[in-house]
Amino acid sequence: MYLLVVLLASLLSWTHYAAAQDGYATENGGVTGGSGGTTITVSSAAAFETAIVQDEPTVVYLSGPLELDDRLNVASNTSIFGIGSDAVITGGGLRIEDASNVIVQNLVINKIVGDDAISIQESTNVWIDHNEFFSDTDHGFDYYDGLLDITHGCDFITVSYNYFHDHYKCSLIGADPDNADEDTGKFHITYHHNYFKNIHTRTPAARFAHVHSYNNLFEDIVSQGIHSRSDAEVLIEGNVFVNSTEPLSTYGFVIPDDSPEDPEGDYEPDGYANLGADNDWGSGEINLTQTGTFTSVPYAYTLTPLDEVQAAVQAGAGVGKL
């Protein structure tokens, strides 16, 4: 009885958003996840796996840590909310594939060996918000895969207020330069108010995409930050870079840190970038080879003043900060 009272008190005192608030996820009908459907609270891997693949709208609250044996699928019309700061997932990540209307919020996902922490494929209207993703840089480039990879014709996605840290290849949009037929015209994605720290590359790296990146904080980006290639278009504004080697590149060559197995001769067409509101590049140098036509977005948004971005993102990104 005491445990039930404590859990109910925790739920009542903890807030979350039932629908995407901004970015491309608000387009195409928006994102409400499982709002209005069944609500389930789980604390075991088996219960969690069952809860996130229901056929009807479902809101899943995760209480406490989980050790997963493998990557788990997430169904359409699902909201996953971690309770407090203890909803920590290890062992296996999440796969959102051929799905729509999904929210993932307030989870810690870390050290997923040989796979992505979250993989989004062939999906639309997904909101990834206020999570923490990390591994370590003690192993080789390919020991872990991505923290958040978005591939195979996804569309209308917002990535907001997440903390990505201590990783090599952070976030890839577009799996392959040969996927133009599948990907062109898709990948409308917003990254805002995310905190990238001690990342080697891909914050994100994008192919064939339209990426709006605003008010993110990049700290200790070892090799390359935002990389637009294979005809991707990125709109970059109001971001802050601290101790970051190459904050932005549109050069098609894939750097060795990004593709360590065979970097020699790994060329793609250049991407495009447009600079909106001022960015603070810090001590780094950008490599802007061409500008594009992507200069505005269809949704309303409010920029945090540039001199307030670092403090705002450090205070607001990650779990337990809703």
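We did not get these values from a lab; they are worked out from the coordinates using the rules stated. Keep in mind the model is a prediction, meaning the values are calculated, not measured. Quick reminder, even Gly has a Cβ in these numbers, built from the backbone with ideal geometry, and neighbours come from all protein chains shown.
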Built amide H within the under 5 Å cut-off of TYR144, gap 5+: GLY114
Theoretical ellipticity at 222 nm over the chain - DSSP helices of four or more residues, -39500 (n - 2.57) apiece, nearest 500: -2500 deg cm²/dmol
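Normalised by the number of residues in the stretch 222-322, what is the relative contact order in percent for Cα pairs under 8 Å and 6+ residues apart? Could the numbers behind the result be given before it?
Values: 199 pairs, mean separation 32.6, N = 101.
Contact order relative to length: 32 percent.
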Inter-part distance where the stretch 87-161 and the stretch 34-66 are each reduced to a Cα centre, Å: 17
Spin-label model distance (nm) - VAL222 vs ALA19, 7 Å beyond Cα toward Cβ: 4.3
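What does the highest-first list of 240-249, 196-205 look like by mean Cβ count within 10 Å? Please report the intermediate quantities before stating the final value.
Numbers: 240-249: 22.1, 196-205: 26.0.
Per-residue Cβ counts within 10 Å, averaged per peptide and sorted highest first, yield 196-205, 240-249.
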Packing-based order for 216-228, 138-150, using average beta carbon neighbours within 10 Å, highest first: 216-228, 138-150
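Students often check this: by mean Cβ neighbours within 10 Å, which of 58-66, 301-309, 274-282 ranks highest, and how do the rest follow? Please report the intermediate quantities before stating the final value.
On the way: 58-66: 20.6, 301-309: 14.0, 274-282: 16.8.
Ranking, from highest mean packing down: 58-66, 274-282, 301-309.
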All aspartates and glutamates inside 17 Å of LYS186 as judged from Cα atoms, apart from same-chain residues fewer than 8 positions distant: GLU27, GLU97, ASP98, GLU122, ASP149, ASP155, ASP176, ASP178, ASP231, GLU233
Using alpha-carbon coordinates, inclination of helix 2-13 to the longest axis of the chain, degrees: 40
Cβ charges +1 (Lys, Arg) and -1 (Asp, Glu), total dipole of the chain, debye: 1220
Using θ = phi - 60° and Karplus 6.51 cos²θ - 1.76 cosθ + 1.60, couplings along the stretch 308-313 (whole Hz; Gly, Pro as x): 10, 5, 4, 5, 5, 6
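Can you compute the equivalent ellipsoid semi-axes for the stretch 2-316, i.e. the square root of 5 times each eigenvalue of the Cα gyration tensor, sorted largest first and rounded to whole Å?
On the way: eigenvalues 190, 81, 74 Å².
Values for the stretch 2-316, descending: 31, 20, 19 Å.
Sequence gap at least 6, Cα distance under 8 Å: using those rules, report the relative contact order of the chain to the nearest whole percent. Before the final figure, lay out the partial values.
Working: 1016 pairs, mean separation 40.6, N = 322.
The normalised contact order for the chain reaches 13 percent.
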Placed amide H near HIS200: partners under 5 Å, 5+ positions off or other chain: HIS167, TYR168, VAL222
For the stretch 200-216, Karplus couplings with θ = phi - 60° (6.51, -1.76, 1.60), whole Hz, Gly/Pro x: 7, 6, 6, 10, x, 9, 10, 10, 6, 9, 10, 10, 9, 10, 9, 6, 8
Extreme residue, positive dipole direction of the stretch 2-316, given options VAL254, TYR17, TYR195 (C-beta unit charges): TYR17
Farthest toward positive dipole pole in the stretch 2-316 [+1 Lys/Arg, -1 Asp/Glu at C-beta], among HIS152, VAL59, PHE133: VAL59
Residues with amide H under 5 Å from that of ILE89, placed H, sequence gap 5 or more: LEU66, VAL108, ILE109, ASN110
Set of lysines near LYS197 by C-alpha distance (under 19 Å), chain-local residues within fewer than 8 positions excluded: LYS111, LYS169, LYS321
